[in-house]
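> Structure incoming, see below.
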Amino acid sequence: MDINELLKGRKNCGCKKDHKCEIEHVRIGSGVINELPQLSRKYKNILIAADNNTYRVCGSRVAKLLEDKTECVKVFDGPGLLIPNEDAIAGLSACLTQKTDLIVGVGSGVINDLCKYVSYKNNLPYFIVATAPSMDGFASSGAAMITNNMKTTFSAHVPAAVIGDVDVLKEAPIEMIRSGFGDIIGKYSALCDWKLSELVNGEYMCKYVYDLTYSTVERTKQLADGIEKRDAQAIKTLMEALVIVGIAMAYVGNSRPASGSEHHLSHYFEITGIIKNRGYLLHGIDVAYSAVQTQKLRQKIIALGTMPDKTYVFDRAKWEEHIRKSYGFAADGVIELQDKLGLYNAGLEKIYREKWDKIIEILKQAPSAENLCGVLDTVGINYADFEKFYGRDVIDDAVLYAKDLKDRYTVLWLYFTLFADSK
Ligand SMILES: [Zn+2]
Ligand SMILES: [Zn+2]
């Protein structure tokens, strides 16, 4: 797959949209970090951002490569993990001057989100030099920040350049490499949800973007063996997949091709983990487990055979009680969002009854939970660890109430109508 071809965009697509992606350069390969001076030649006053670890891994090299025009090197060196919150935003913003014309982030998830957010707010371009193939946000326009103790994805912009030097990426902690792989495997669930929403809600769907994402996931799935061995070619293909998925999101203008019920579960674990001080797993690891979980839900629905005569009658008071129990101080925002959306009163049950056979047909297209578990096992992501970490009660709550965090239809809504009563 030639990523630079994808960067040119796609006019007159079958979905009647013109697709584009504003990223100027993507370089993925061995030694590509050395192209930085050339790629940044039009900039004169550069702010480099890294944390303790990423500075050691390759931030110092980036600073050396850009020595003559580096205005400031900001290394976040707090005691714990860097969190993309108000303090970090203020810390990075304080390094900007009137002259700054480029921010170069050296890192993965948090550094990428932070640089994306601050550069966007200050109307500056940014580059990301990836240090781990850990998630799919490099090429996307959303910045996942934690403000007011809540995880919120702000719409920002894409980087001007993504640099993934395989010599650096393959030395990343194995958990981060697994996380990137898990984030990609989660797309099976996201893509199935997209199709389901097209059928149930008439949501916009682009077959080209769907196929692009699906084929990228299939290619990555074959790599499981090489991923665990840090094989350079496997790591390169994984990084490419993470970037292609980002481009797919840019093409449709939202995260639909890459994020569905599995991401909603993972966000539930993250947010309630913060609120209840329980902790949570790395993003892509959570997504991988959650994709197995949402697939189990699809299989439970398929096993029904026909649509039951009686389905769950929405009980507002009971629902509110559950939302308050799950989300604590963040519950008001969740309730407000769902009141605005109105999916509980959208007459979904009638649509399900009318389209049941087609719904089942779509659900059957996703790979089975057993298949996903087998692939994930190969890279050391074991589903039993997921149940051990969160416990069945928390996972069951997530299955019923994670959907309420978002304004996006997924299989979780269908599952709720069919099975909420049984809890
Ligand atoms: Zn299209
Ligand atoms: Zn993700």
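> Work out how far the C-alpha atoms of the chain reach from end to end along every principal axis, then list the three figures in whole Å, largest first.
72, 42, 41
> Can you give the FRET efficiency for Ala317 and Lys350, using 1/(1 + (r/R0)^6), R0 = 22 Å, r = Cβ-Cβ distance, to the nearest 0.05?
So, using R0 = 22 Å, E works out to roughly 0.40.
> Considering only DSSP beta bridges whose two residues both sit in region 3-172, what percent are antiparallel, to the nearest 5?
25 percent
> Which entries of Lys170/Lys229; Lys116/Lys195; Lys20/Lys99 show an alpha-carbon separation above 21 angstrom in the structure shown?
Lys116/Lys195; Lys20/Lys99
> Something else: Please give the FRET efficiency for Asn201 paired with Glu67, using the beta carbon to beta carbon distance and R0 = 56 Å, rounded to the nearest 0.05.
Using R0 = 56 Å, I get an efficiency of 0.60.
> Let me ask another. If you line up the long axis of helix 331-341 against the longest principal axis of the chain, both from Cα atoms, how many degrees apart are they, to the nearest 10?
70 degrees
> Sorted by mean Cβ packing within 10 Å, highest first, what order do the peptides 185-193, 316-324, 382-390 take?
Per-residue Cβ counts within 10 Å, averaged per peptide and sorted highest first, yield 185-193, 382-390, 316-324.
> Separate question: Taking only Cα atoms, what is the 0 to 90° angle, nearest 10, from helix 283-303's long axis to the longest principal axis of the chain?
20 degrees
> Let me ask something else. Based on the Cα gyration tensor of region 3-172, what are the three equivalent ellipsoid semi-axes, each the root of five times an eigenvalue, rounded to whole Å and given largest first?
Semi-axes from the Cα gyration tensor: 24, 20, 16 Å.
> Taking Lys16 as the anchor, which lysines have their alpha carbon closer than 16 Å to its alpha carbon, excluding any fewer than eight residues away along the same chain?
Cross-link targets: Lys207.
> State, as an integer percentage, the relative contact order of the chain based on alpha-carbon contacts under 8 Å between residues 6 or more apart.
Averaging sequence separation for qualifying contacts and normalising by length gives 16 percent for the chain.
> Nearest 5 is fine: what % of DSSP beta bridges in region 88-172 come out antiparallel, could you say?
Restricted to region 88-172, the bridges split so that about 45 percent are antiparallel.
> Report the relative contact order of region 296-421, percent, no decimals, based on alpha-carbon pairs under 8 angstrom and at least 6 residues apart.
For region 296-421, the relative contact order is 45 percent.
> What is region 3-172's relative contact order, in percent, from Cα pairs under 8 angstrom and six or more apart in sequence?
Here the relative contact order equals 26 percent.
> Now for a separate question. For region 12-64, which GluC sites (Glu not before Pro) pass both filters: DSSP loop (anything but H, G, I, E, B) and at most 15 other C-beta atoms within 10 Å?
The qualifying sites are Glu22, Glu24.
> Given points 7 Å out from each Cα along the Cα-Cβ axis, report the Glu218 to Thr97 separation in nanometres with one decimal.
So the two model labels end up 5.3 nm from each other.
> Still on this structure: Which order do peptides 401-412, 147-158, 334-345, 108-119 fall in by mean Cβ count within 10 Å, highest first?
The peptides rank, most packed first, as 108-119, 401-412, 147-158, 334-345.
> For the pair Leu337 and Lys11, what calculated FRET efficiency results from E = 1/(1 + (r/R0)^6), where r is the Cβ-Cβ distance and R0 = 51 Å, to the nearest 0.05?
0.90
> Compute the length gained on full extension between Asn254 and Lys42: take 0.36 nm times their separation in residues and subtract their Cα-Cα distance, giving the result in nm to one decimal.
Taking Asn254 through Lys42 to full extension adds about 73.3 nm, to one decimal.
> Please work out how much length the chain gains when fully extended from Ser155 to Asp393, using 0.36 nm per residue of separation minus the C-alpha to C-alpha distance, in nm with one decimal.
Once the chain is fully extended between Ser155 and Asp393, it gains 82.4 nm.
> Same structure again: Using only helices, what value at 222 nm comes out for the chain when you add -39,500 (n - 2.57) per DSSP H run of length 4 or more and divide by the total residues, to the nearest 500 deg cm²/dmol?
-15500 deg cm²/dmol
> Is region 48-87 rounded, prolate or oblate when judged by the Cα gyration tensor, a ≥ b ≥ c being the square roots of its eigenvalues, rounded requiring a/c under 1.5 and prolate requiring a/b larger than b/c?
oblate
> With viscosity set to 1.567 mPa s and temperature to 4 °C, compute the Stokes-Einstein D of region 205-334, Rh being the Kirkwood radius across alpha carbon pairs; µm²/s, no decimals.
73 µm²/s
> In this model, which of Lys151/Lys403; Lys69/Lys236; Lys44/Lys64; Lys151/Lys276 are farther than 19 Å apart at the alpha-carbon?
Lys69/Lys236
> On to the next question. Ranked highest first by average number of other Cβ atoms within 10 Å, how do 121-128, 287-294, 271-278, 47-54 line up?
Ranked by mean Cβ neighbours within 10 Å, highest first: 287-294, 47-54, 121-128, 271-278.
> Follow-up. Run a plain Debye calculation on region 53-125 (Cα atoms as equal point scatterers, no solvent) and give log10 I(q)/I(0) at q = 0.18, 0.25, 0.26 Å⁻¹, rounded to two decimals, same order as the q list.
Log10 of I(q)/I(0), two decimals: -0.70, -1.37, -1.46.
> In nm, to one decimal, how far is the Ile275 label point from the Asp18 one, both placed 7 Å along Cα→Cβ?
So the two model labels end up 4.3 nm from each other.
> Report the antiparallel proportion of the DSSP beta bridges in the chain as a percent, rounded to a multiple of 5.
Counting DSSP beta bridges with both partners in the chain, the antiparallel share is about 25 percent.
Since every read-out is calculated from the coordinates, none of them should be taken as a lab result. Since the structure is predicted, the reported quantities are computational estimates derived from the model, not experimental observations. Here Cβ is always computed from backbone atoms with ideal geometry, including for glycine, and neighbour counts include all displayed protein chains.
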